[in-house]
1. Using the Cα gyration tensor of region 175-290, with a ≥ b ≥ c the square roots of its eigenvalues, what is the shape: rounded (a/c below 1.5), prolate (a/b larger than b/c) or oblate (neither)?
2. On C-alpha positions alone, give me the angle between the axis of helix 227-239 and the longest principal axis of the chain, in degrees, nearest 10.
3. Once you sort the root eigenvalues of the Cα gyration tensor of region 65-195 as a ≥ b ≥ c, which label holds: rounded (a/c under 1.5), prolate (a/b larger than b/c) or oblate (the other case)?
4. Using only Cα atoms, figure out Rg for the chain and give it as a multiple of 2.2 N^0.38 Å.
5. Need one number: % antiparallel among DSSP beta bridges in the chain, to the nearest 5.
6. Grab the Cα-Cα distance for Glu238 and Tyr320, subtract it from 0.36 nm times how many residues apart they are, and report the gain in nm with one decimal.
7. How many nm is it between the label spots at Lys217 and Ile192, if each spot is 7 Å from the Cα in line with the beta carbon?
8. Dividing the convex hull volume of the alpha carbon atoms of region 125-247 by its residue count, what do you get in Å³ per residue?
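The values are calculated or read from the model by the stated rules, or taken from the named source; none is laboratory data. Nothing here was measured: the structure is a model prediction, and the numbers come from that model. When we count neighbours, we look across all protein chains shown, and the Cβ atoms used for this are built from the backbone with ideal geometry, even at glycine. Quick note on the areas: whole protein, heavy atoms, side chains included, nothing else; ligands and nucleic acids left out. Shrake-Rupley method; radii C 1.70, N 1.55, O 1.52, S 1.80 Å.
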Amino acid sequence: MRLTRRKIMGAAMAASIVASAPAFAAKPLTIGFSQVGAESEWRTANTASIKDAARKAGVNLKFADAQQRQENQVKAIRSFIAQRVDVIAFSPVVESGWDTVLREAKAAKIPVILSDRAVKVSDPSLYVTFIGSDFVEEGRRAARWLVEHAKKNPNRSYNIVELQGTVGSAPALDRKAGFAEVIAGNPKFKIIRSQTGDFTRAKGKEVMEAFLKSEGKNINVLYAHNDDMAIGAIQAIEEAGLKPGKDILVVSIDGVRGAFEAMLQGKLNVTVECNPLIGPQLIQLAQQVKAGKPVPKRVTVNEGVFPAEVAAKEFPNRKY
Ligand code: GYE
């Protein structure tokens with residue numbers, strides 16, 4: 001075959017069309033994600049998991065950090081609507097107050113996925129699906145460990161101080177409720193003080209100092225809604241000249257590395273696992289939603305309970 005100039009040009013054009021074909025094919029999925037903040041080890045691991053999963057899946061992720069403020073999340077969601085992202089995902093800092101902005105997303109026909117924390121809305125069609133842990137069950141598990149542990153000392157009674165998570169957040173409300181449900185009607189257990197430490201180490205320490213000042217040696221259990229507050233409180237207990245894990249039992253939730261380190265030092269008695277590595281599942285859900293495939297309304301995460309006795313064995317397996 002004689003290669004004419006025209007044929008060569010034509011072949012070159014065809015090749016260049018083939019080479020750039022993916023640009024015309026599937027446009028990458030764009031997800032707008034509004035994160036709570038960077039308040040805890042758990043959150044840092046959760047953010048890394050989501051960013052990593054998005055990168056691996058070739059998803060264009062618009063990430064916004066709300067610094068624990070609902071108004072920042074509302075602004076971020078509105079900006080995602082204005083940018084016409086394919087899917088909006090967010091981890092709502094508090095449960096209530098989302099109806100208006102979610103109605104705006106629905107009117108713009110942008111599906112919304114809840115990640116990690118749930119919302120209370122009048123119309124459940126305002127979001128497509130919720131992926132996250134069962135926080136009530138986590139609270140129950142924390143209390144069940146304490147009830148079991150207490151069987152070793154049948155005549156002892158337990159004065160509990162509680163460090164709550166962020167006021168109005170689903171994990172704070174649910175972990176409180178689950179724990180209370182298990183100890184209800186059992187006169188051995190009494191919650192003598194309960195206050196928020198906003199899920200941070202600094203606040204956990206500060207509030208525990210106040211508890212110790214007013215209650216002193218009366219306290220024999222600390223129940224913290226997350227490990228970071230427990231770790232802050234452990235410092236306060238030590239500074240007060242008491243032994244965390246012994247004089248005051250320390251029970252918390254998340255199962256982050258810092259909690260395992262504290263258990264190995266005998267300063268924390270148990271952590272109930274809450275898995276933050278939900279990035280891959282979240283991205284997959286967003287892809288399915290975009291493709292119009294049906295997804296379950298609720299997706300849960302499998303989790304365990306780790307008492308100090310298993311900490312050394314389990315520590316090398318921890319991924320966050
Ligand atoms: O337990 C806490 C974080 O929503 C499950 O938020 C999450 C909680 C987690 O700040 O450490």
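1. Because a/c hits 1.5 or more and a/b exceeds b/c, region 175-290 counts as prolate.
2. Rounded to the nearest ten degrees, it is 30.
3. prolate
4. After normalising by residue count via 2.2 N^0.38 Å, the value is 1.24.
5. Bridges in the chain are about 10 percent antiparallel.
6. Residue separation times 0.36 nm, minus the Cα-Cα distance, leaves 27.0 nm.
7. 1.2
8. It is 108 Å³ per residue.
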